[in-house]
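Colleague: If you scroll down you'll find the structure; I have some questions about it.
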Amino acid sequence: DPVRDAFLPGSFPDSFIWSTSTSAYQIEGAWNVDSKGESIWDRFSHTPGKVDCGDTGDVACDSYNKYREDVQLMKAMGLKYYRFSLSWTRILPDGTVAGGVNQDGVDYYNNVINELIANDITPMVTLYHWDLPQALQDRYGGWVNETMVQLYHDYVSFAFKSFGDRVKLWLTFNDSKIVCNNGYLTGQHAPGIQDRSQLSSYLCGHNILKAHAKAWHTYNTTFRASQDGKVGITVSLDWAEPRDPDLPADVAAADYYMQVSNSQFAHPIYVNGDYPPDFKILVQKLKQALPDKNVPDFSDEEKASIRGSSDFFGLNHYTSCIVGHRDTPAGKGPLDNINITRSPEWRRAATDWLYAVPWGMRRVLKYIKETFGDPEVYITENGWSDGDVTPPVMEDTDRICYYMTYIDEVLKAIMYDKVKVRAYTAWSIMDNMEWETGYTQRFGMHCHLHGPEPASGTQAVFKVLQGHHRQQRLP
Ligand code: PNW
């Protein structure tokens, strides 16, 4: 009963985790300081024409030097958790343990972790947020090479060993679909490879799934008993709403989108060790198109290793689309047989793919519960961008509206759909290096990331979070 539902009292449980997120390349700067090695994003942003306005992460938010100020921003907002990522090349400059550990890099992350804990903020650490060591790209071709599975394992084992006494929440990979599609298919992201055959992006995903599973098993067998933490992965899911929910062809089209575009990583890990059925059909087509190439399937042993290799479900969710069937395919691409649109009523952010569709959050959470075995869900990203305008947007009405309405839907998913959502993480605590769009798009709750001014707060969002924590009535 929607009328009754609208007036039911509710609030987030006291144990609910409120957090914000960043990633190393997007905030740290100091790209070549204190023996840090070059990453594929350093190389990519230094290549003319790759990033808007020629922006780079050379300085970014200068968090290599200003991490104490970052922690104070969080503290002022009353936040008790912080998600950030480790820069692989700050710790292992050429990507390998054999190549040598950079003690300055280890010291930096020890300082960040200790500063957080001293301020009563729990670290949540992403091991790979897109900044692969350039040396591994040069030597092995990056994620298309199976050798990466062992190299990633050696790196994360070192991280568990070095930081796992204090870090209890780990994410192996952030949004692997973007890593593989933008890095190895469209080339919009580092390393900028455009393999339109889709073999490279497929191999990338295949190796990342194996690397993820190996890392989880290593933690499970070697570190869990002494460290007692949790290891998961962050998957990005948008929501596909059927154009006409009463038309079976549209419902099937939306389901196809959820399988092909959203479940390449989640289905193997949370369902059966293998790709979803509609994705497997695409793999068959890839084999037919490339008869003289090796397009691998998972062996039974690999499937057994991948299935169940996660202690929780890490979710990045930002936006939704409307999907309907098509009588005649628009082309030969995987999504050309369906029709993907957005409602003209949806508010748009500065970022081209980002539309505000709050109810999509509730549906995607329910979908995870029903499709992926009712896991504990940690929302690891959700957020809104404005453009780089002068003066910067300080009132933040659009962002506040976005967070308020999305967070309400999280609460509904918990209360009415009984989804086990444990955490909500906002992207981001501050404006930062927004990948190929540089500094033109601002996702931060604080702005002025590299101007002379100190970070000035849009504390309104903090009030929103806290306000909802105490809210007694759903709108
Ligand atoms: C995330 N989409 O990626 C990344 O994890 C962050 O590093 C990034 O700053 C943030 O989004 C904002 O862009 C996404 O197309 C990229 O739906 C694309 C999508 C979602 C998330």
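Values in this text are rule-based calculations from the coordinates and carry no lab data. As the structure is a computational prediction, the values presented were derived from the model and not from experiment. Every residue, glycine as well, gets a Cβ built from its backbone with ideal geometry; the counts of neighbours run over all protein chains shown.
Colleague: Give me the dipole magnitude in Debye, nearest 20, for the chain about the Cα centre, with unit charges on the beta carbon: positive for Lys and Arg, negative for Asp and Glu.
Modeller: It works out to roughly 900 debye.
Colleague: Here is a further query. Report the net charge of residues surrounding P133, where surrounding means a beta-carbon distance below 11 angstrom and charges are Lys +1, Arg +1, Asp -1, Glu -1.
Modeller: -1
Colleague: Along the charge dipole of the chain, Cβ charges K/R +1 and D/E -1, which of T328, V251, A135 sits furthest on the positive end?
Modeller: V251
Colleague: Quick one: which residues, 5+ away or cross-chain, put their amide H under 5 Å from the amide H of N432? H built at 1.01 Å from N.
Modeller: When sequence neighbours closer than 5 places are left aside, the close amide H contacts are F443, G444.
Colleague: Same structure, new question: Do any cysteines of the chain lack a neighbour Cys whose Cβ is under 4.7 Å away, and which are they?
Modeller: For the chain, the answer is C53, C61, C321, C401, C447, because their Cβ atoms have no other cysteine Cβ under 4.7 Å.
Colleague: Which of K230/K287; K230/K418; K50/K214; K66/K210; K210/K285; K369/K412 have a Cα-Cα distance over 25 Å? Kindly include the intermediate steps, with their values, before the conclusion.
Modeller: Details: K230/K287 37 Å; K230/K418 22 Å; K50/K214 33 Å; K66/K210 36 Å; K210/K285 22 Å; K369/K412 14 Å.
Going by Cα-Cα distance, K230/K287; K50/K214; K66/K210 fall outside the 25 Å limit.
Colleague: How far apart, in nanometres, would the label points at R166 and Y140 be if each is projected 7 angstrom from Cα along the Cα-to-Cβ direction?
Modeller: 2.9 nm
Colleague: Now for a separate question. Would you please put 110-119, 172-181 in order of how densely packed they are, using the mean number of other Cβ atoms within 10 angstrom per residue and starting with the highest?
Modeller: Working: 110-119: 16.2, 172-181: 22.7.
Put in order of decreasing packing, that is 172-181, 110-119.
Colleague: So if we plug the beta-carbon distance of D417 and S11 into 1/(1 + (r/R0)^6) with R0 = 22 Å, what FRET efficiency do we get, rounded to 0.05?
Modeller: 0.85
Colleague: Excluding D297 itself, what net charge comes from residues whose Cβ is under 15 Å from its Cβ, given Lys and Arg +1 and Asp and Glu -1?
Modeller: +2
Colleague: What FRET efficiency would be calculated for the residue pair E115, D327, taking the C-beta separation as r and a Förster radius of 45 Å, to the nearest 0.05?
Modeller: For R0 = 45 Å, the calculated efficiency reads 0.15.
Colleague: How many angstrom lie between the Cα centre of the range 145-205 and the Cα centre of the range 77-123?
Modeller: Taking the Cα centre of the range 77-123 as reference, the centre of the range 145-205 is 18 Å away.
Colleague: Under 8 Å for C-alpha pairs, at least 6 residues apart: give me the relative contact order for the range 85-140, rounded to a whole percent.
Modeller: The normalised contact order for the range 85-140 reaches 48 percent.
Colleague: Looking at the range 345-410, which chymotrypsin sites (Phe, Trp or Tyr not before Pro) are DSSP coil and have at most 13 other C-beta atoms within 10 Å of their C-beta?
Modeller: Of the chymotrypsin sites (Phe, Trp or Tyr not before Pro), the ones in loops of the range 345-410 whose Cβ has at most 13 other Cβ atoms within 10 Å are W353.
Colleague: What is the set of long-range amide H partners of S236 at a cut-off below 5 Å, with H atoms built 1.01 Å from backbone N?
Modeller: Answer set, sorted by chain and number: D175, S176, K177, N316.
Colleague: Sticking with this one: With runs of 4+ DSSP H residues as the only contributors, calculate the mean residue ellipticity of the chain at 222 nm using -39,500 (n - 2.57) per run, divided by the residue total and rounded to the nearest 500.
Modeller: -12000 deg cm²/dmol
Colleague: Another one. Relative contact order of the chain, please, whole-number percent, based on alpha carbon pairs below 8 angstrom and at least 6 residues apart.
Modeller: Over the chain, the number comes to 18 percent.
Colleague: Follow-up question, since we're still on this one. From the Cα gyration tensor of the range 194-325, with a ≥ b ≥ c the square roots of its eigenvalues, which class applies: rounded if a/c is under 1.5, or else prolate if a/b is larger than b/c, or else oblate?
Modeller: Values: a/c = 2.38, a/b = 1.33, b/c = 1.79.
It is oblate, given that a/c is not under 1.5 and a/b is not larger than b/c.
Colleague: Rounded, prolate or oblate for the chain? Axes are the square roots of the Cα gyration tensor eigenvalues, ordered a ≥ b ≥ c, and the cut-off for rounded is a/c under 1.5.
Modeller: The shape class here is rounded.
Colleague: Would you mind checking which residues have amide H under 5 Å from A423's amide H? H placed 1.01 Å from N; only 5 or more apart, or other chain.
Modeller: When sequence neighbours closer than 5 places are left aside, the close amide H contacts are I17, I379.
Colleague: Here's another thing I want to ask about it. What is the calculated FRET efficiency for S299 to Q103, with r their C-beta to C-beta distance and R₀ = 51 Å, to the nearest 0.05?
Modeller: With R0 = 51 Å, the Cβ-Cβ based efficiency is 0.85.
Colleague: What does the charge count near Y219 come to, summing +1 for each Lys or Arg and -1 for each Asp or Glu among other residues with Cβ under 13 Å from its Cβ? Please report the intermediate quantities before stating the final value.
Modeller: Details: positive: K161, K168, K214, R224, K230; negative: D228, D311.
Within the 13 Å Cβ shell, the charges total +3.
Colleague: Counting other beta carbons within 10 Å of each residue's own, what order do V101, V419 fall into, fewest first?
Modeller: V101, V419
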